Amino acid sequence: MGSRKIREERIGRIAMTVNIAKDFSKTPGGRLKIEGENSGEEFREKVLKHAYQESKNKGETLIINLDGGYGYAVSFLEEAFGGLAREIKDQNLLGIVIISDEEPALINRIKTYINDGLE
């Protein structure tokens, strides 16, 4: 609860957090379900899309925590985040907060995938 409270205070409103390692898999896979387990496509369909829609409906900020996993393939991240942007074309996707103490360079990469998907 402590870390969630700090994040909520930084963001300034109630937030919903998805930790990919805890809520999906510690071993995220590749791009598509046909390529193997724990794909970006599967994460988008089973977790990300629903979390985004729920947080939006509740007026909450969606926080995606990348920490705790064993690394992320570029294809996983692009399919999950870029794919969601291409699918729903909602500018509010830019309000998703990505956090990572372990791999902070991925934060800007994911924001780029979302921006590119919205074009």
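Readers should treat all values here as calculations from the given coordinates under stated rules, not as data from a laboratory. Fair warning: this is a prediction, and the values are worked out from it, not measured in the lab. Every residue, glycine as well, gets a Cβ built from its backbone with ideal geometry; the counts of neighbours run over all protein chains shown.
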### Message
For the chain, take the longest principal axis of its alpha carbons; what is the angle in degrees between that and the long axis of helix 2-11, to the nearest 10 within 0 to 90?
### Response
80
### Label point distance in nm, Tyr70-Leu118, each placed 7 Å from Cα along Cα→Cβ
3.5
### Task
Going by C-beta contacts inside 10 Å, put Lys33, Lys89 in order with the fewest on the left.
Lys89, Lys33
### Query
In the Gaussian network model of the chain, springs joining C-alpha atoms below 10 Å, which of Glu102, Glu78, Glu41 carries the largest mean-square fluctuation?
Glu102
#### Entry: P(r) of the stretch 73-117 over all Cα-Cα pairs, binned every 5 Å from zero, in whole percent
5, 25, 35, 23, 10, 3
#### Entry: Relative contact order %, the chain, counting alpha carbon pairs below 8 Å whose residues are six or more apart
27
### Task
May I ask for log10 I(q)/I(0) of the stretch 2-118 at q = 0.16, 0.17 Å⁻¹, from a Debye sum over the Cα atoms as equal point scatterers with solvent left out?
-0.69, -0.78
